[in-house]
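Report on the following structure.
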Amino acid sequence: MKFKLKTKVVGVDTSGDVVKLTLEPAAGGEQTTLEADVEEHYSLPGWGGKKLGWPNIVGVYAIDDVIPGPMLAHKAEEDGVACVEFIAEKHGHVDYDTVPEVMYTSPEVPSVGKTEEQVKALGVDYRVGKFLFMANSRAKAIDNAEGLVKILAEKETDMILGVHIMAPNAGELIHEAVIALQYGASSEDIARTCHAYPTMSEAVKEAVMATYDKTIHISNSILLLGNLCNSIDALRCTLSLSSFSRRFSFASGDNDVVVIGGGPGATSPPLKLLSLASRPHVLRSVALSVGPASTSATQSTPYPWNPQSMVKQPEARALLHSSHMYHEAKHSFASHGVKFSSVEVDLPAMLAQKDKVVANLTRGIEGLFKKNKVNYVKGYGKFVSPSEAKSTIVKGKHVIIATSFDVKSLPGITIDEKRIVSSTGALALSEFPKRLVVIGAGYIGLEMGFEWGRLGSEVTVIEFAPDIVPTMDGEVHKQFQRSLEKQGMKFKLKTKVVGVDTSGDVVKLTLEPVTGGEQTTLEAEADVVLVSAERTPFTAGLGLEKLGVEIDKAGRILVNEQFATNVPGVYAIRDVIPGPMLAHKAEEDGVACVEFVSGKEGHVDYDMVPGVVYTSPEVASLGKTKEQVKALGVSYRVGKFPFMANSRAKAIDNAEGLVRILAEKETDKIMGVHIMAPNAGELIHEAVLALQYRALSEDIARTCHAHPTMSEAVKEAAMATYDKPIHI
């Protein structure tokens with residue numbers, strides 16, 4: 001490329017075969033002539049096909065802020081790409097109605113599409129859906145819950161007309177809406193897309209639910225994990241509760257539906273049913289029974305119900321956020337000109353903040369039940385016949401089993417929640433562990449270990465498999481492991497624990513290579529070992545064998561496509577059935593299940609359920625990994641883009657990570673998206689909607705992404721998949 005700087009154009013001659021431009025130095029002086037032989041033109045919406053630049057002058061083009069349209073950096077980039085495509089005799093296009101605008105304040109304020117005032121001026125009948133971030137669990141966990149999502153949709157067609165967000169990192173959240181508008185999506189399309197929990201992006205989903213139907217978590221919490229029990233006689237179920245606590249008035253008559261458990265799988269069904277009750281099928285009453293999470297199957301008597309044990313996901317995110325703030329203050333603030341004489345951890349205050357989050361979320365869900373008149377009982381029980389019942393009786397025509405998982409202990413290891421802990425105990429350590437050993441390098445083990453490592457613990461992770469998070473895309477988990485190692489975590493892979501000695505002041509673990517060999521002894525001087533090797537469905541003690549409910553060898557309840565068991569009137573969802581053990585998958589199960597119960601259609605596609613590891617950086621995955629695509633024998637392409645080439649990542653001094661997209665070679669259909677980055681759990685959702693629409697990588701590449709945002713890396717990776725990225 002050649003440049004003529006300090007030069008202005010003073011004349012253009014298009015009378016000949018070439019375009020001649022007369023140039024003059026900006027400071028004055030002798031004029032010169034420059035010839036150009038480009039003869040195409042670039043049209044934009046609203047210009048009626050006129051040639052741009054100087055109108056009707058062939059071979060002269062104009063883009064960016066000098067032509068009509070929003071004066072935005074990302075709009076200018078889209079102009080440039082489309083313009084040179086026309087010059088190269090290809091098809092280019094920019095739709096200014098799907099160009100997002102972002103105000104980079106705190107909170108950020110992005111918008112795309114029409115405002116309510118513009119919709120009114122058009123005379124279109126419309127609906128509005130809103131959701132407040134004060135009701136979003138991730139926003140509450142990071143103590144930054146100011147803002148809302150507002151969505152406008154055409155009343156007759158439900159087509160989304162505009163999306164407006166005010167929230168932390170809202171500039172990233174808007175891109176799911178941009179994809180939706182690009183496809184002419186309805187609000188229900190987003191509402192039926194699985195959103196990872198807990199994320200800020202869930203507020204977008206809730207707002208669209210409010211647009212076409214009713215939001216579920218307007219007092220969001222998605223907490224209260226549980227394990228209760230029931231008995232069935234024809235289509236009637238009797239639940240005997242060893243009730244040690246009662247909440248709200250409980251109807252003595254039969255309920256249409258009784259939900260056993262708590263958490264996202266158990267709280268979403270009754271609230272969704274209440275929204276369906278205004279439709280043709282009217283429900284008389286709904287009951288939710290909750291109890292302690294992940295109780296041991298051998299426990300014969302109930303223990304006091306502890307709300308903190310019911311909100312592990314937001315609770316863990318709250319502690320992670322606190323540890324992140326400490327880490328940033330200690331290691332990063334000085335380079336930004338913010339200096340302290342000293343930084344130290346006040347563990348009691350940090351845990352008190354975590355407990356405050358839990359208490360707020362617990363009160364929120366309880367208030368939501370009370371507001372919606374959901375019968376709510378706390379207790380522990382089992383399936384019995386009416387003659388065996390000795391305590392509180394709960395009856396229902398339909399029973400949904402929505403219990404959680406239990407931690408599977410290893411041979412010779414007893415979890416006491418003091419020195420040998422599960423994830424529940426890891427969140428409640430009263431003393432700072434100098435050294436922490438984690439058995440299992442899956443999602444939960446890495447998250448818990450990372451949180452304490454950020455606070456200064458020496459963390460060693462022992463994993464039986466050759467890689468951490470074995471289900472993760474190969475290249476991503478290698479980079480992820482390197483990142484964690486740089487932050488101080490140590491890994492012993494292809495290693496198994498064959499013995500634990502807790503008799504002394506420290507816990508001693510005896511290790512052995514998976515392939516066999518000499519045993520070694522590892523001492524955990526902080527005397528804390530986190531067992532996170534495997535999870536099992538919590539079905540023991542429910543009395544399912546009395547009903548004849550079929551389960552598989554792994555202890556999971558077998559259900560059909562409508563979540564019905566082999567016993568009429570009994571359904572199962574969440575962690576007790578096959579599928580990923582994820583909170584957001586459980587919620588999708590719950591909503592779809594009650595739609596079937598109420599005579600409607602429901603659907604959950606587990607291939608569209610994103611997975612997120614909440615560390616720093618986060619790792620989010622959706623669809624197939626490279627290894628899975630290879631196993632299918634499908635020809636594919638891979639597009640990658642590193643965040644070290646992303647302007648927003650560089651601006652916030654956090655540019656570690658990448659986006660990796662796999663697409664079928666012949667059709668360009670996206671097969672998998674994998675992201676390692678700050679806030680990857682938010683970035684993944686435009687990919688979720690794209691895969692829901694069976695999108696091509698070119699579809700994402702041609703979607704305008706706000707600048708500067710981390711989401712631009714998703715666009716660049718998509719460009720690398722079907723063609724070439726621009727900024728690398």
- Query: Which of the residues that make up the range 415-436 are touching a Ser or Thr at 6+ places or on another chain (Cβ under 9 Å) and of a type in the set (D, E, K, R)?
  - Reply: Asp416, Glu417, Arg419, Lys434, Arg435
- Query: When Phe641 is evaluated against the numbered criteria (1) crowded, with 24+ Cβ neighbours inside 10 Å; (2) at pLDDT below 95; (3) in contact with a His (Cβ under 9 Å, 6 or more places away or on another chain), which criterion, by number, is the only one it fails?
  - Reply: (2)
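Inside the range 15-32, can you point out the residues that are part of a loop (DSSP other than H, G, I, E, B), open to solvent by 70 Å² or more (accessible area, probe 1.4 Å) and closer than 11 Å to Gly59 by Cβ?
So in the range 15-32, the residues part of a loop (DSSP other than H, G, I, E, B) come out as 15-18, 26-31.
Now drop any that are not open to solvent by 70 Å² or more (accessible area, probe 1.4 Å), which leaves 15, 17, 27, 30-31.
Within the range 15-32, Asp17 is the sole residue that qualifies.
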- Residue hits (the range 153-184; in a helix (DSSP H, G or I), open to solvent by less than 10 Å² (accessible area, probe 1.4 Å), touching a helix residue (DSSP H, G or I) at 6+ places or on another chain (Cβ under 8 Å) and among the hydrophobic types (A, V, I, L, M, F, W, C)) are Leu173, Ala177, Val178, Ile179, Ala180
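Across the range 78-112, what is the total count of residues that are of a type outside the set (Val, Ile, Thr) and closer than 20 Å to Ile67 by Cα?
Of the residues in the range 78-112, 15 are of a type outside the set (Val, Ile, Thr) and closer than 20 Å to Ile67 by Cα.
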- Query: What are the pairs, 6+ residues apart or on separate chains, where a residue within the range 553-573 that is β-branched (Val, Ile, Thr) has its Cβ under 7 Å from a residue that is open to solvent by 50 Å² or more (accessible area, probe 1.4 Å) and not in a loop (DSSP other than H, G, I, E, B)?
  - Reply: Ile557/Ile551
- Item | Qualifying positions in the range 59-86 - assigned to a loop (DSSP other than H, G, I, E, B) and more than 23 Å from Asp13 (Cβ to Cβ) | Pro68, Gly69, Pro70, Met71, Leu72
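The rows are residues; the columns are (1) free of Cβ contacts under 8 Å to residues at least 40 places away in the same chain; (2) in contact with a helix residue (DSSP H, G or I) (Cβ under 6 Å, 6 or more places away or on another chain); (3) within 26 Å of Thr536 (Cβ to Cβ).
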residue: Ile444; (1), (2), (3): no, yes, yes
residue: Ser457; (1), (2), (3): no, no, no
residue: Ala465; (1), (2), (3): yes, no, yes
residue: Arg482; (1), (2), (3): yes, no, no
residue: Lys490; (1), (2), (3): yes, no, no
residue: Leu493; (1), (2), (3): no, no, yes
residue: Thr502; (1), (2), (3): no, no, yes
residue: Val514; (1), (2), (3): no, no, yes
residue: Gln519; (1), (2), (3): yes, no, no
- Message: Tally up the residues in the range 668-721 that are more than 21 Å from the chain's Cα centre (by Cα), assigned to a helix (DSSP H, G or I), surrounded by fewer than 22 Cβ atoms within 10 Å (Cβ to Cβ) and touching a residue at least 40 places away in the same chain (Cβ under 8 Å), please.
- Response: 1
- Query: Do you know which residues across the range 192-205 are open to solvent by less than 10 Å² (accessible area, probe 1.4 Å) and assigned to a helix (DSSP H, G or I)?
  - Reply: Ala203, Val204
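Please find, within the range 114-148, the residue that is least open to solvent (accessible area, probe 1.4 Å) out of those that are in a helix (DSSP H, G or I) and out of contact with any helix residue (DSSP H, G or I) (no Cβ under 8 Å at 6 or more places or on another chain). Step through it out loud before you land on a result.
So in the range 114-148, the residues in a helix (DSSP H, G or I) come out as 116-122, 133-135, 137-141.
Restricting the remaining residues to those that are out of contact with any helix residue (DSSP H, G or I) (no Cβ under 8 Å at 6 or more places or on another chain) gives 116-122.
On the way: Glu116: 42, Glu117: 129, Gln118: 91, Val119: 1, Lys120: 128, Ala121: 89, Leu122: 112 Å².
Once the filter is applied, the top-ranked residue is Val119.
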- Task: Could you please let me know if Lys390 is of a type in the set (Lys, Arg), at pLDDT 80 or above and part of a loop (DSSP other than H, G, I, E, B)?
- Result: no
- Could you grab me the full set of residues in the range 1-14 that are closer than 13 Å to Glu35 by Cβ and of a type in the set (S, T, N, Q)? Thr14
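Mind counting the residues in the range 89-113 that are more than 18 Å from Asp699 (Cα to Cα), in a loop (DSSP other than H, G, I, E, B) and open to solvent by less than 50 Å² (accessible area, probe 1.4 Å)? Explain how you work it out, then say what you get.
First pass over the range 89-113, keeping only residues more than 18 Å from Asp699 (Cα to Cα): 89, 101-111, 113.
Filter once more, so that each one left must be in a loop (DSSP other than H, G, I, E, B): 89, 104-107.
Going one step further and asking which of them are open to solvent by less than 50 Å² (accessible area, probe 1.4 Å), we end up with 107.
Going through the range 89-113 one residue at a time, the tally reaches 1.
Residues to consider are Ala533, Ala526, Ala554; find the one that is under 23 Å from Ala465 (Cβ atoms), among the hydrophobic types (A, V, I, L, M, F, W, C), surrounded by 17 or more Cβ atoms within 10 Å (Cβ to Cβ) and at pLDDT below 90. Break it down stepwise before answering.
On the way: Ala526 fails: under 23 Å from Ala465 (Cβ atoms); Ala554 fails: surrounded by 17 or more Cβ atoms within 10 Å (Cβ to Cβ).
It is Ala533.
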- Task: Give the residues of the range 573-626 that are of a type in the set (D, E, K, R), out of contact with any strand residue (DSSP E or B) (no Cβ under 7 Å at 6 or more places or on another chain) and buried (at least 22 other Cβ atoms within 10 Å of the Cβ), sorted by residue number.
- Result: Lys585, Glu587, Glu588, Asp589
- Taking the range 51-80 and keeping residues open to solvent by 30 Å² or more (accessible area, probe 1.4 Å), at pLDDT below 80 and either out of contact with any strand residue (DSSP E or B) (no Cβ under 8 Å at 6 or more places or on another chain) or charged (D, E, K, R) (or both) leaves Lys51, Pro55, Asn56
- Restricted to the range 352-376, and to residues that are in contact with a Phe, Trp or Tyr (Cβ under 7 Å, 6 or more places away or on another chain) and not in a strand (DSSP E or B), which residue is most open to solvent (accessible area, probe 1.4 Å)? Lys370
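Do we have any residue at all in the range 117-129 that's in contact (Cβ under 8 Å) with a residue 60 or more places away in the chain and of a type in the set (A, V, I, L, M)?
So the first thing to find is which residues in the range 117-129 are in contact (Cβ under 8 Å) with a residue 60 or more places away in the chain, and the list is 127-129.
Narrowing the set further to residues that are of a type in the set (A, V, I, L, M) leaves 128.
Yes, some residue in the range 117-129 is in contact (Cβ under 8 Å) with a residue 60 or more places away in the chain and of a type in the set (A, V, I, L, M).
The values are calculated or read from the model by the stated rules, or taken from the named source; none is laboratory data. What you see is a predicted model; the values in this text were computed from it and never measured. Heads up, the Cβs are rebuilt from the backbone with ideal geometry, glycines too, and the neighbour counts pull from every protein chain shown. Side chains included, ligands, DNA and RNA excluded: accessible areas come from the protein's heavy atoms. Shrake-Rupley method; radii C 1.70, N 1.55, O 1.52, S 1.80 Å.
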